[in-house]
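Chemist: If you scroll down you'll find the structure; I have some questions about it.
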Amino acid sequence: MQPTRPQNIVIIGAGIAGIACALAISRELSPFVPDLKITVYERHDVLSTSGGAINLTPVAQRHLALLGVLDELDRMGPEGGADVDAIELFSMRSGRTIGSINFTDNQGKGFGGYKGRRVMRIALSVAMLTVAERTRNVEIVFGKKVIDGEEFEDRAVVRFKDGTVAEGDLIIGCDGVHSAVRTRFVDVDRPAEYTGLSFLQTTIDSDTLSSTPHFRASSLNISRHGSMLASYCDRGCEQIFAAAIVQFNREGLGRYRLEPGQDWATQNRIRCALREEVRDRFRKCAIPCLKEIIESKADWMLYPVYQVPPGGRWYLNRVVLLGDAAHAMPPRDESAAYALDDAILFSRILANYRSEPLTEVFDAYETLRRDTINHAFKESRRMWEKNRDMGLLEGRLKEWMMTYHLKSNENAREAAWAFDATKISLPTPAPSEDLVSLNSFLRDRTL
Ligand SMILES: Cc1cc2nc3c(=O)[nH]c(=O)nc-3n(C[C@H](O)[C@H](O)[C@H](O)COP(=O)(O)OP(=O)(O)OC[C@H]3O[C@@H](n4cnc5c(N)ncnc54)[C@H](O)[C@@H]3O)c2cc1C
């Protein structure tokens, strides 16, 4: 395959991986490719407001700072998210403290200068989009749902549902866990799988609660019927984001899906059923503030959790998958950081290998990334098993073991937060035949 310096790059999906990838490629490749053009195609007509809040780890924050997104979040004021020094863990059964995941060292400083942050997804998307809009060679086009694609010798093409097409020297699929770029194009035998677990999420005004929250910024509350996350998601601590992580039958998913176009009675029936589901599971909660949230009239939304088992194909000749499209794992606090790492590492390799065929870029990227992702996937799955429904004894054991797990994983967690995708050394392209013969010619002459 002929070397190409990609000039016209198409990214599918304006999520965390897609926009981060556009910003990182613009940063890395612009100095070498003056006419660089990056176009991001997103299936929604406008930014999606769903999805609740997301926790950003120190490493995710550091990467967002590098891309200019953190400044934008900070400029939003209270809506830019709540600082999280630690996620405190509690037993829902007894109210007892189990331990904490600390985002600060023993001097109270964040890792590499950054702590954790809980922010509404819509705020993060707006911040990312604002930075993308002022980046010279990046354009975002909404209302473009990819349905399939094709590769040719000199380009790749994607087709959209509205009948239009886009073509590029390089196509990057960042279209999330149900990626059409993956399932219709790169690896058709790899659909996402339901994990058997779902999130039930809501936000609630903190001044509607009569009991004082039991946590400083963020808490994970453990029970034998799943866990309940409760966290402030704005700097003014006016809103609490609550998410129950629970085992949920695949058969039940359809019955609880809220969709546009449903009549009022259907929507009301689903809302009541979801409220009941939360009450049934966590009725015996011993923490007053949580008990109030559980008993409240809040509207819960169901988010089934899917995964893309590792081991599948990540690329063809001109198309590559990044973020959840390549390797969606049961979500953990680090998941968004993996999507950001992908974007930054891929962009750096693309710039390093700019005179090489794209398949060499993809090979180098996969060699660097595959083991880390496989390991992270296994870890996530192991953690998620703890949210399955358990008997009384097993539930007690889970609580006791949690303190030990938190302690024994502390070093690994802190090492992960120290990871800096901008600094790790990259493979370098093998010298081309011309360069090898020039070097041997020069060496022969000096001998
Ligand atoms: C319930 C839940 C809670 C989570 N909580 C956390 C957390 O607290 N911390 C954390 O780090 N991670 C969390 N995660 C994981 C995190 O959200 C993902 O890892 C991250 O969003 C992956 O980013 P992405 O850009 O690869 O995919 P996405 O964020 O899913 O973005 C994909 C984009 O592609 C678009 N798209 C999809 N199909 C098409 C198509 N056919 N054509 C064009 N565009 C398309 C989508 O509309 C979307 O904009 C959570 C995940 C879930 C499901």
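The values are calculated or read from the model by the stated rules, or taken from the named source; none is laboratory data. A quick note: this is a predicted structure, and the numbers were derived from the prediction, not measured. Quick reminder, even Gly has a Cβ in these numbers, built from the backbone with ideal geometry, and neighbours come from all protein chains shown.
Chemist: Scan segment 323-338 residue by residue and report those that are within 7 Å of the ligand (Cβ to nearest atom) and modelled with pLDDT of 95 or more.
Modeler: Once the filter is applied, which keeps residues that are within 7 Å of the ligand (Cβ to nearest atom) and modelled with pLDDT of 95 or more, segment 323-338 yields 323, 324, 325.
Chemist: Here is a further query. Consider only pairs whose beta carbons are under 6 Å apart and that are at least six residues apart or on different chains; among these, list those whose first residue lies in segment 314-327 and is without any contact (Cβ under 8 Å) to a residue 60 or more places away in the chain and whose second residue is more than 9 Å from the ligand (Cβ to nearest atom) and assigned to a helix (DSSP H, G or I).
Modeler: Short answer, once both residue conditions are applied: 327/373.
Chemist: Can you go through 304, 260 and tell me which one is within 16 Å of the ligand (Cβ to nearest atom), surrounded by fewer than 22 Cβ atoms within 10 Å (Cβ to Cβ) and over 24 Å from residue 383 (Cβ atoms)? Talk me through it step by step, then tell me what you get.
Modeler: Details: 304 fails: over 24 Å from residue 383 (Cβ atoms).
Criteria check complete, one pass: 260.
Chemist: Being of a type in the set (Asp, Glu), under 25 Å from residue 43 (Cβ atoms), near the ligand (Cβ under 10 Å from one of its atoms) and not in a loop (DSSP other than H, G, I, E, B): is that true of residue 148 here?
Modeler: Numbers: of a type in the set (Asp, Glu): yes; under 25 Å from residue 43 (Cβ atoms): yes; near the ligand (Cβ under 10 Å from one of its atoms): yes; not in a loop (DSSP other than H, G, I, E, B): yes.
Yes.
Chemist: Looking at segment 50-92 only, could you name the residues that are within 11 Å of residue 120 (Cα to Cα) and within 11 Å of the ligand (Cβ to nearest atom)?
Modeler: Once the filter is applied, which keeps residues that are within 11 Å of residue 120 (Cα to Cα) and within 11 Å of the ligand (Cβ to nearest atom), segment 50-92 yields 50, 51, 52, 53, 54, 55, 56.
Chemist: What are the pairs, 6+ residues apart or on separate chains, where a residue within segment 43-55 that is in contact (Cβ under 8 Å) with a residue 60 or more places away in the chain and acidic (Asp, Glu) has its Cβ under 6 Å from a residue that is part of a loop (DSSP other than H, G, I, E, B) and more than 7 Å from the ligand (Cβ to nearest atom)?
Modeler: 45/142; 45/143
Chemist: Restricting attention to segment 299-311, does a residue exist that is more than 21 Å from the chain's Cα centre (by Cα) and free of Cβ contacts under 8 Å to residues at least 24 places away in the same chain?
Modeler: The initial filter retains those residues of segment 299-311 that are more than 21 Å from the chain's Cα centre (by Cα), namely 299-300.
Filter once more, keeping what is free of Cβ contacts under 8 Å to residues at least 24 places away in the same chain: none.
Checking segment 299-311: not a single residue is more than 21 Å from the chain's Cα centre (by Cα) and free of Cβ contacts under 8 Å to residues at least 24 places away in the same chain.
Chemist: Restricting segment 95-144 to residues that are at pLDDT 95 or above, in a strand (DSSP E or B) and hydrophobic (A, V, I, L, M, F, W, C), which is surrounded by the most Cβ atoms within 10 Å (Cβ to Cβ)?
Modeler: This residue is 119.
Chemist: Within 16 Å of the chain's Cα centre (by Cα), crowded, with 21+ Cβ neighbours inside 10 Å and closer than 22 Å to residue 67 by Cα: does that describe residue 344?
Modeler: Details: within 16 Å of the chain's Cα centre (by Cα): yes; crowded, with 21+ Cβ neighbours inside 10 Å: yes; closer than 22 Å to residue 67 by Cα: yes.
So residue 344 passes the test.
Chemist: I need the strands (runs of 3 or more DSSP E) fully contained in segment 203-280, keeping only those with at least 3 residues that are among the aliphatic types (A, V, I, L, M). Before the answer, list the steps.
Modeler: Details: elements: 218-223, 226-232, 239-247.
Result: 226-232, 239-247.
Chemist: State whether one or more residues within segment 371-385 are touching a Phe, Trp or Tyr at 6+ places or on another chain (Cβ under 9 Å), buried (at least 17 other Cβ atoms within 10 Å of the Cβ) and not aromatic (Phe, Trp, Tyr).
Modeler: Keep residues of segment 371-385 that are touching a Phe, Trp or Tyr at 6+ places or on another chain (Cβ under 9 Å), which gives 372-373, 376.
Going one step further and asking which of them are buried (at least 17 other Cβ atoms within 10 Å of the Cβ), we end up with 373, 376.
Now drop any that are not not aromatic (Phe, Trp, Tyr), which leaves 373, 376.
Looking through segment 371-385, at least one residue is touching a Phe, Trp or Tyr at 6+ places or on another chain (Cβ under 9 Å), buried (at least 17 other Cβ atoms within 10 Å of the Cβ) and not aromatic (Phe, Trp, Tyr).
Chemist: Being more than 9 Å from the ligand (Cβ to nearest atom), out of contact with any Lys or Arg (no Cβ under 8 Å at 6 or more places or on another chain) and touching a residue at least 40 places away in the same chain (Cβ under 8 Å): is that true of residue 19 here?
Modeler: Numbers: more than 9 Å from the ligand (Cβ to nearest atom): no; out of contact with any Lys or Arg (no Cβ under 8 Å at 6 or more places or on another chain): yes; touching a residue at least 40 places away in the same chain (Cβ under 8 Å): yes.
Spelling it out, it is not the case that residue 19 is more than 9 Å from the ligand (Cβ to nearest atom), out of contact with any Lys or Arg (no Cβ under 8 Å at 6 or more places or on another chain) and touching a residue at least 40 places away in the same chain (Cβ under 8 Å).
Chemist: If a residue has to be more than 20 Å from the chain's Cα centre (by Cα) and away from the ligand (no atom under 11 Å from the Cβ) to count, how many in segment 172-190 make the cut?
Modeler: Just the residues of segment 172-190 that are more than 20 Å from the chain's Cα centre (by Cα), to begin with: 184-189.
Applying the additional criterion that residues be away from the ligand (no atom under 11 Å from the Cβ) yields 186-189.
Number of matching residues: 4.
Chemist: Condition (residue is in contact (Cβ under 8 Å) with a residue 24 or more places away in the chain, within 14 Å of the ligand (Cβ to nearest atom) and either of a type in the set (Ser, Thr, Tyr) or farther than 30 Å from residue 298 by Cβ (or both)) applied to segment 239-255: is it met by at least one residue?
Modeler: no
Chemist: Write out, first by first residue and then by second, each pair whose Cβ atoms fall under 9 Å of each other, whose residues are 6+ apart or on separate chains, and whose first residue, in segment 270-292, is among the small types (Gly, Ala, Ser) while the second is in a helix (DSSP H, G or I).
Modeler: Sorted first by the residue in segment 270-292, then by its partner, the pairs are 273/255; 273/256.
Chemist: With the condition being among the aliphatic types (A, V, I, L, M) and at pLDDT below 75, I'd like the helices (runs of 4 or more DSSP H) fully within segment 379-447 carrying at least 3 qualifying residues. It would help to see each step written out before you state the result.
Modeler: Values: elements: 392-408, 410-418, 433-446.
The helices (runs of 4 or more DSSP H) meeting that bar are 433-446.
Chemist: Further, regarding this structure: Considering only residues of segment 339-362 that are over 18 Å from residue 21 (Cα atoms) and among the acidic types (Asp, Glu), which is farthest from the ligand (Cβ to nearest atom)?
Modeler: 356
Chemist: Also, quick follow-up: Would you point out the residue of segment 363-384, among those that are among the aliphatic types (A, V, I, L, M) and within 16 Å of the ligand (Cβ to nearest atom), that is farthest from the chain's Cα centre (by Cα)? Before the answer, list the steps.
Modeler: Step one: list which residues in segment 363-384 are among the aliphatic types (A, V, I, L, M), which gives 364, 368, 373, 376, 383.
Remaining after also requiring within 16 Å of the ligand (Cβ to nearest atom): 373, 376, 383.
Working: 373: 13, 376: 13, 383: 17 Å.
Result: 383.
Chemist: May I ask you to list the residues in segment 19-64 that are touching a Cys at 6+ places or on another chain (Cβ under 7 Å) and among the hydroxyl-bearing types (Ser, Thr, Tyr)? So that I can check it myself, show each step before the final result.
Modeler: First, pick out the residues of segment 19-64 that are touching a Cys at 6+ places or on another chain (Cβ under 7 Å): 21, 53.
Listed by number, the list is empty, since nothing qualifies.
Chemist: Identify all residues within segment 310-332 that are in a loop (DSSP other than H, G, I, E, B) and either β-branched (Val, Ile, Thr) or crowded, with 24+ Cβ neighbours inside 10 Å (or both); write none if there are none.
Modeler: The answer is 318, 322, 323, 328, 329.
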